[in-house]
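J.: What follows is a structure written as structure tokens; I'll ask about it next.
The values are calculated or read from the model by the stated rules, or taken from the named source; none is laboratory data. Keep in mind the model is a prediction, meaning the values are calculated, not measured. Glycine also receives a Cβ, built like all others from the backbone with ideal geometry; neighbour counts cover every protein chain displayed.
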Amino acid sequence: MLQLQTYLLLLLTGIMWGGVYLLMALGLNLIYGVMKVVNLAHGDFIVVAGLLAVTLYGAFQAGPVLAIPLAALLFLLVGLAVYRGLLARVDTAGPQGELRTLLITFGLSSIISNIALLIWGGQYQSVPFFQSSVRLGSLFLPESLIISSLVAFVLAFAVQFWLIRTRWGRLVRATAQSELGAASCGLNTSRIRLLTFALGAALAGAAGALTVVLIPVQAASGGFVTVQAFTLIALGGLGNYLGALLAAILLGVIEVSSSYFLGASAASAMIYLIFILVLIVRPQGLLGQRGRI
Amino acid sequence: MRERQMRPALARTRASRVTSTLARLRQETAWLLFGIVVLAAVLVALFGTGDQTQLLFSTCLFAVLAYAWNIISGLSGYVSFGQVGFFGIGAYVAATCQILWQWDWYLAALGAVLAAIVLALPLGTVMLRLQGIFFALGMFGLSRIGALIATSTSLVGGSMGEPVPMVGTTQETALVMLGCAVGAVVLTAWLLRSPLGLRLLALRDDEKAAEASGINTNASKVIAFCLSAALAALAGSLYVWNVGFIDPGSAFNNTYELQTILMVLFGGIGTLWGPLLGAVVISLISNALWAQFPQQQQIILGALILIAVIWMPGGLVSLFQRFGWLRRRPVWGPPPPIGTEKRLPLFPVAVGNTDESVLCCQEVTRRFGGLTALNRVSLEARSGRIVAVIGPNGAGKTTLFNLITGFDRCNGGAIRLGERLLNRLAPYRIARAGIARTFQTCRPFPSLTAWETLLLPALVASASKEEAIRAAAQMLERLALRDQWDASPESLPPGQLRFLEIGRALMLRPRVLLLDEVMAGMSPEEIRLIHTLLREAVAAGCAVVAIEHVVPAIMPIADHVYVLDFGTTIAQGRPDEVLRNPAVIEAYLGTGEEEPVNA
């Protein structure tokens, strides 16, 4: 009986952590899906948004309800500026273009994280909000985890809905599938790319302001967040939204249960191991499509 | 008339010879400068202060890492985010050798290099099947796993690290590291002038086209991967020797990886001098910044990257290349003039007697999900004969070629070259067995010159270097591309590009030549030239199978015609018979009322 309860708890927390990881990867996935750009500054967006939430809390006792929209708006503007000022200035097509965007976002990441270091210092900080636990039968779950993962799943479905059901979403998907085709149908693809990048950045901002209640952040932890988010979307099949959801749940469950059974460092080794195995067996990710020759 | 045509050509050769001599002089200048820089570095190591020597050591360390990364990611095009893992492995193996068995540093370094190669061989074989960003991230994951293993093992210090006996002075380590950096430069220079380098550049540009030219791309990639791993491990072993301490955090340091990548990209990826320039410039700048603005150093470096990428996309080297400096020298060029007495037959007789069955496809079937692209198609190619395969779009013509050349696998049926079954062979083995192909859209190697494009398959087919050079030079002449020998394929007009691609296929000395719509979009004049070339090949006993959309272009020279429609053979026979066949007229040419073609 106790055994079953443990497994249930592991599964539940695993799924919830999966939701949190998904939230942190949403923006990255959107940007990659449409622009084929891996935004290496993604984690830094999240971290800075989190630190901003910490400052807001310190100054006005403002909770995530205020911090989330503010951070989202701020990073929407940051996204616009980054796209206009940097990404729109280089040719992003082909393998050389891929390298160029990696390099630009890498440089950006270095700039943002070090400015953050100057402003906020190197300590881990968090927002003490939603600190109680919820009792579910005989199980206890932290409130912050429940709220974060709920918001994560809701946001993920909202993005999915927006992509599939709305006019703008259709335009974005058309651009993602064939930029040339979309352009020849008269779409302003550079505006759609601009919008996508800004939206992806805003999603990162929102995710950062929320998850800081759960995961303490420090100015330099952006790189790790980026890697984690990338692992997730690569596992799901780059740019594939349903795949990302599946991968998120899988990763969450695996991480929670392997850190329970094997310890923390083995858990992170496990994730990389599974990542490599998936890449070798299914290089296109869980639900990705194999490219044609 | 003839004279007038000759003279400008002659003048052009002379002019190109002058420019090539100048370019060579500039190349030698680069080596001269390099020698002076190395000499200055030796002086710094001998007479400099401790800080200067340490700076020299770290610059050289990064230069070696940069060249290691450049070999796999620059020359072979497989961008890796985890080559620093081999640095860590080298560091750990060397530390273990020194701590546990009291080996000397050079023996430990040798052990580290060997260990890295032994490890890289299986890892590379598996990982290099991945493409693009997947390979990059897979390597990242592997290096993380390496770090975690190092953390959890209790052999040399575990997560806390352990001191390594320091026997060398800073001077000694700096000098040895400098030697390694020079070695890395020389290794890359040798690679860029060797057949292996040629193969790497070709597979970087287009892996399929390289396979079709008879190149074992997997083997070449794995060799490059091992070389890169060996260099990184060497750097790691010397690093341990220099700092006298080993711990997972600094051996598997991600910052090293990023800094290395930054240096190569800043200097110029895939070039000989780029990694060196990048390593020196970035090391010096970050060192100076560290002294001036320790707080803002990383911010300024980041901004520098942005500026470099936006204003200088090809790296520092591309600035020099604009003036003709530091360009890659074509391998074994320029093509030597071939005296008449030394001429080999351009098309060596492939098969003894003509009209012998060479290539035989029996009831080949290929299904893509529910769609049957080819349904029990049979085809025979005979030596000294030209077979045409015609049919509307989507008839399965190119699929048939992909099956024959091993780029795709059949669901049923057999494909034989002579007696040999080809069904399960890798594309490069089929190419070497004697089946050469062209692609529907040209797939040139943008990094190679016209001369190297021909040399690449010639090296596969020839017994010796001299023979390959002679064959490639002759083919260059035959295709009237001698004056453009060092031109990039991208600068050639479409017609010449097609000729180059046919030449590339012919350099394999094929028994069967598969041509996929080579005459599409060509002028009547160019079509005539292709006809002549094909007749020459056929006269030597080569069997030709040509897919063609332009029916009048192929009919005059075809001996036998197959008509495909929806994956089945609807007709075959002599060209005039086939064109009168009502089924063909209906399926392929539309209405049955009008005169089918003006052949």
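J.: Test residue B:314 against the criterion of being assigned by TED's automatic domain parsing to the domain that holds residue B:199, part of a loop (DSSP other than H, G, I, E, B) and either in contact (Cβ under 8 Å) with a residue 40 or more places away in the chain or surrounded by 19 or more Cβ atoms within 10 Å (Cβ to Cβ) (or both), and give yes or no.
T.: Values: assigned by TED's automatic domain parsing to the domain that holds residue B:199: yes; part of a loop (DSSP other than H, G, I, E, B): yes; either in contact (Cβ under 8 Å) with a residue 40 or more places away in the chain or surrounded by 19 or more Cβ atoms within 10 Å (Cβ to Cβ) (or both): yes.
Here the answer is yes, as residue B:314 does meet what is asked.
To keep it simple, each residue is scored yes or no on (1) of a type outside the set (Asp, Glu); (2) without any contact (Cβ under 8 Å) to a residue 12 or more places away in the chain; (3) in contact with a Lys or Arg (Cβ under 6 Å, 6 or more places away or on another chain); (4) farther than 19 Å from residue B:215 by Cα.
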| residue | (1), (2), (3), (4) |
| --- | --- |
| B:438 | yes, no, no, no |
| B:444 | yes, no, no, no |
| B:451 | yes, no, no, no |
| B:455 | yes, no, no, no |
| B:458 | yes, no, no, no |
| B:473 | yes, no, no, yes |
| B:485 | yes, no, no, yes |
| B:516 | no, no, no, yes |
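J.: Next question, about the same structure. Can residue A:110 be described as among the polar types (S, T, N, Q) and more than 30 Å from residue B:295 (Cβ to Cβ)?
T.: no
Table: residues versus (1) within 14 Å of chain B (Cβ to nearest Cβ); (2) assigned to a loop (DSSP other than H, G, I, E, B).
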position	(1), (2)
A:80	no, no
A:84	yes, no
A:91	yes, yes
A:113	yes, no
A:118	yes, no
A:123	no, yes
A:151	no, no
A:155	no, no
A:170	no, no
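J.: Given the structure, is residue A:112 surrounded by 12 or more Cβ atoms within 10 Å (Cβ to Cβ), farther than 30 Å from residue B:76 by Cα and at pLDDT 85 or above?
T.: Numbers: surrounded by 12 or more Cβ atoms within 10 Å (Cβ to Cβ): yes; farther than 30 Å from residue B:76 by Cα: yes; at pLDDT 85 or above: yes.
The answer is yes for residue A:112.
J.: In the range B:464-516, what residues are part of a loop (DSSP other than H, G, I, E, B), under 17 Å from residue B:336 (Cβ atoms) and not charged (D, E, K, R)?
T.: Matches in the range B:464-516: B:464, B:479, B:481, B:485, B:507.
J.: Name, by its number, the condition in (1) surrounded by fewer than 21 Cβ atoms within 10 Å (Cβ to Cβ); (2) touching a Leu at 6+ places or on another chain (Cβ under 6 Å) that does not hold for residue A:248.
T.: (1)
J.: Would you check if there is a residue in the range B:351-372 being under 28 Å from the mean Cα position of the chain (by Cα) and outside the structural domain of residue B:508 (by TED's automatic domain parsing)?
T.: There is no residue in the range B:351-372 that is under 28 Å from the mean Cα position of the chain (by Cα) and outside the structural domain of residue B:508 (by TED's automatic domain parsing).
J.: What is the residue count in the range B:74-99 for residues that are aromatic (Phe, Trp, Tyr) and in a helix (DSSP H, G or I)? Even if it seems obvious, please write down each step before you answer.
T.: Quick first cut of the range B:74-99, residues aromatic (Phe, Trp, Tyr) only: B:78, B:81, B:86-87, B:92.
Filter once more, so that each one left must be in a helix (DSSP H, G or I): B:86-87, B:92.
Matching residues across the range B:74-99 total 3.
J.: Sort out which residues of the range A:241-272 are within 14 Å of chain B (Cβ to nearest Cβ) and modelled with pLDDT under 80, and write them in order of number.
T.: A:263, A:264, A:265, A:266, A:267, A:268, A:269, A:270, A:271, A:272
J.: Scan the range B:383-391 and tell me whether some residue there is modelled with pLDDT under 90, part of a strand (DSSP E or B) and of a type outside the set (Lys, Arg).
T.: So far as the range B:383-391 goes, yes, one or more of its residues are modelled with pLDDT under 90, part of a strand (DSSP E or B) and of a type outside the set (Lys, Arg).
J.: Restricting to the range B:128-148, give me the number of residues that are at the interface with chain A (Cβ under 8 Å from one of its Cβ atoms) and either surrounded by 23 or more Cβ atoms within 10 Å (Cβ to Cβ) or modelled with pLDDT of 80 or more (or both).
T.: Selection size over the range B:128-148: 10.
J.: Additional query: Might you check whether a residue that is over 22 Å from residue B:178 (Cβ atoms), outside any loop (DSSP other than H, G, I, E, B) and either modelled with pLDDT of 90 or more or not assigned by TED's automatic domain parsing to the domain that holds residue B:480 (or both) occurs anywhere in the range B:55-73?
T.: yes
J.: One residue is enough: does the range B:158-172 have a residue meeting the conditions under 28 Å from residue B:217 (Cβ atoms), surrounded by 15 or more Cβ atoms within 10 Å (Cβ to Cβ) and touching a residue at least 24 places away in the same chain (Cβ under 8 Å)?
T.: no
J.: Next question. Filter the range B:536-562 down to residues that are at pLDDT 90 or above and of a type outside the set (Gly, Ala, Ser) and give me whichever is farthest from residue B:364 (Cα to Cα).
T.: B:559
J.: Can you tell me which of A:211, A:189, A:231 is touching a Phe, Trp or Tyr at 6+ places or on another chain (Cβ under 8 Å), at pLDDT below 90 and of a type in the set (Ser, Thr, Tyr)?
T.: Details: A:211 fails: touching a Phe, Trp or Tyr at 6+ places or on another chain (Cβ under 8 Å); A:189 fails: touching a Phe, Trp or Tyr at 6+ places or on another chain (Cβ under 8 Å).
It is A:231.
J.: Right, here's the next one. Restricting attention to the range B:248-272, which residues are away from chain A (no Cβ under 14 Å) and crowded, with 22+ Cβ neighbours inside 10 Å?
T.: Listed by number, the residues that qualify are B:251, B:272.
J.: Looking at B:540, B:520, can you tell me which residue is touching a Gly at 6+ places or on another chain (Cβ under 9 Å), at negative phi, assigned by TED's automatic domain parsing to the domain that holds residue B:438 and surrounded by fewer than 19 Cβ atoms within 10 Å (Cβ to Cβ)?
T.: Values: B:520 fails: touching a Gly at 6+ places or on another chain (Cβ under 9 Å).
Of B:540, B:520, the one residue that is touching a Gly at 6+ places or on another chain (Cβ under 9 Å), at negative phi, assigned by TED's automatic domain parsing to the domain that holds residue B:438 and surrounded by fewer than 19 Cβ atoms within 10 Å (Cβ to Cβ) is B:540.
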